[in-house]
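Comments concern the structure below.
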């Protein structure tokens with residue numbers, strides 16, 4: 001396997017060493033004395049030559065190992081040298097944290113980041129945060145709740161995602177005919193929430209749209225959402241719908257809550273079964289098509305990430321509609337100790353992590369990263385969002401969600417929400 005490295009040593013030198021060993025009274029193993037191929041240096045030369053070959057081979061292997069380590073920047077880190085940091089996050093960020101490229105960047109800073117997933121409401125209310133170094137819910141109201149209860153002033157908002165509606169071109173065209181949707185440059189659509197709520201109040205069905213041959217089904221015109229008892233995406237849907245139902249004002253106070261509650265409840269309850277994570281209905285949208293899920297409330301990042309993946313799951317007739325108005329789901333990290341603070345700072349400031357966040361469809365503090373991803377992959381999104389409103393306060397949002405949740409006849413599903 002290895003060549004004889006002693007070929008590089010002058011033979012007189014080998015012979016002199018062999019003679020020195022023999023004169024000193026040393027004897028090589030007996031088998032060398034019986035070797036019929038003994039050269040001019042005698043058996044001691046043969047024995048010494050082979051011993052030197054083994055030594056030089058070992059030195060060669062050591063040199064290769066040093067070169068490999070040097071080629072990796074001179075930082076050969078072992079798992080034992082990494083500091084473990086534990087976090088609790090919304091489930092929609094789990095693929096990002098599991099990405100080997102993300103883990104490698106954290107490791108280069110000496111961190112091994114391990115995460116568990118839960119719904120943002122659970123993170124803010126029922127999860128035992130004493131086990132974690134950081135909490136990373138999907139909304140700023142949930143993060144603020146944690147900060148107030150734990151008297152923490154620091155927060156990091158490394159990326160965000162506007163709420164959007166995944167649908168199909170035939171559905172968008174039907175909605176355009178009744179004044180609910182209009183096309184935007186670049187392939188996306190704008191969805192008029194006020195006109196949609198008018199249809200919901202009347203409980204209008206798809207087959208009641210005049211001349212509808214594209215989707216003439218006997219189902220209410222409703223957006224598919226997740227379970228409001230568990231899911232942040234459902235809370236974000238309630239945020240922009242309640243704003244419009246409250247005469248274009250953020251809901252605040254008991255009177256406003258009572259005014260919007262009946263319509264908000266019907267938007268959820270009339271759907272029937274709902275899943276507890278936004279990935280569920282989005283997967284149905286991708287796999288089952290228009291017949292099962294004509295419109296689904298999602299994070300924009302989910303759609304963009306699927307486009308970037310390029311696996312063919314986004315078909316040519318799949319499009320995004322942006323609610324007018326919409327809300328931003330601001331992924332806000334609350335550090336619970338100095339290790340969690342280091343994760344928050346890296347997510348916010350490290351250029352590599354910011355670029356990878358854009359790969360997963362998130363909008364970062366540097367808009368050009370998201371714009372580049374959109375242009376590179378020709379994603380049909382609206383890059384310049386204007387009609388954006390804030391969600392209600394945490395307490396108001398909790399009051400509305402709890403009131404809707406009490407009207408369900410079955411308990412919420414168990415499992416990680418978003």
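Summary table below
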{"read-out": "Qualifying residue in the stretch 72-91 (condition: over 30 Å from residue 278 (Cα atoms), modelled with pLDDT of 95 or more and either in contact with a helix residue (DSSP H, G or I) (Cβ under 6 Å, 6 or more places away or on another chain) or surrounded by 15 or more Cβ atoms within 10 Å (Cβ to Cβ) (or both))", "value": "yes"}
{"read-out": "Residue list for the stretch 209-226, restricted to those being out of contact with any strand residue (DSSP E or B) (no Cβ under 9 Å at 6 or more places or on another chain) and farther than 11 Å from residue 171 by Cβ", "value": "210, 211, 213, 216, 222"}
{"read-out": "Residue within the stretch 147-170 that is buried (at least 21 other Cβ atoms within 10 Å of the Cβ), part of a loop (DSSP other than H, G, I, E, B) and either in contact with a helix residue (DSSP H, G or I) (Cβ under 9 Å, 6 or more places away or on another chain) or not assigned by TED's automatic domain parsing to the domain that holds residue 323 (or both) present", "value": "no"}
{"read-out": "Filter pass, residue 358 being under 30 Å from residue 222 (Cβ atoms), crowded, with 22+ Cβ neighbours inside 10 Å and within 17 Å of the chain's Cα centre (by Cα)", "value": "no"}
{"read-out": "Residues that are in a loop (DSSP other than H, G, I, E, B) and either closer than 16 Å to residue 356 by Cα or in contact with a strand residue (DSSP E or B) (Cβ under 8 Å, 6 or more places away or on another chain) (or both), drawn from the stretch 103-121", "value": "110, 118"}
{"read-out": "In the stretch 282-304, the residues that are surrounded by 22 or more Cβ atoms within 10 Å (Cβ to Cβ) and within 21 Å of the chain's Cα centre (by Cα)", "value": "282, 285, 296, 297, 298, 299, 300, 301, 302, 303, 304"}
{"read-out": "Residue list for the stretch 101-113, filter: surrounded by fewer than 17 Cβ atoms within 10 Å (Cβ to Cβ), within 13 Å of the chain's Cα centre (by Cα) and touching a residue at least 24 places away in the same chain (Cβ under 8 Å)", "value": "101"}
{"read-out": "Subset of the stretch 262-286 (residues that are without any contact (Cβ under 8 Å) to a residue 40 or more places away in the chain, within 21 Å of residue 400 (Cβ to Cβ) and assigned to a helix (DSSP H, G or I))", "value": "262"}
{"read-out": "Some residue of the stretch 370-379 being closer than 16 Å to residue 161 by Cα and in a loop (DSSP other than H, G, I, E, B)", "value": "yes"}
{"read-out": "Yes/no for residue 237 being over 30 Å from residue 377 (Cα atoms), modelled with pLDDT of 95 or more and buried (at least 22 other Cβ atoms within 10 Å of the Cβ)", "value": "no"}
{"read-out": "Condition check for residue 182: surrounded by fewer than 21 Cβ atoms within 10 Å (Cβ to Cβ) and under 25 Å from residue 328 (Cβ atoms)", "value": "yes"}
{"read-out": "Residue list for the stretch 172-184, filter: part of a helix (DSSP H, G or I), over 29 Å from the mean Cα position of the chain (by Cα) and within 23 Å of residue 286 (Cα to Cα)", "value": "173, 174, 175, 176"}
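Condition check ((1) assigned by TED's automatic domain parsing to the domain that holds residue 187; (2) within 24 Å of residue 287 (Cβ to Cβ); (3) in contact (Cβ under 8 Å) with a residue 60 or more places away in the chain) across all residues:
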site	(1), (2), (3)
306	yes, yes, no
310	yes, yes, yes
359	no, yes, no
367	no, no, no
374	no, no, yes
389	yes, no, yes
393	yes, no, yes
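Yes/no matrix, rows are residues, columns are (1) modelled with pLDDT of 95 or more; (2) assigned by TED's automatic domain parsing to the domain that holds residue 392; (3) in contact with a helix residue (DSSP H, G or I) (Cβ under 6 Å, 6 or more places away or on another chain):
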| position | (1), (2), (3) |
| --- | --- |
| 253 | yes, yes, no |
| 258 | yes, yes, no |
| 262 | yes, yes, no |
| 268 | yes, yes, yes |
| 272 | no, yes, no |
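Residue by residue, here is whether (1) part of a helix (DSSP H, G or I); (2) surrounded by fewer than 16 Cβ atoms within 10 Å (Cβ to Cβ) holds:
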| site | (1), (2) |
| --- | --- |
| 191 | no, no |
| 198 | yes, yes |
| 207 | yes, yes |
| 212 | no, no |
| 218 | no, yes |
| 222 | no, no |
| 228 | no, no |
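The values are calculated or read from the model by the stated rules, or taken from the named source; none is laboratory data. Just so we're clear, the structure is a prediction, and the values are computed from it rather than from any experiment. FYI the Cβ positions are ideal-geometry reconstructions off the backbone, even for glycines, and counts take in every protein chain you see.
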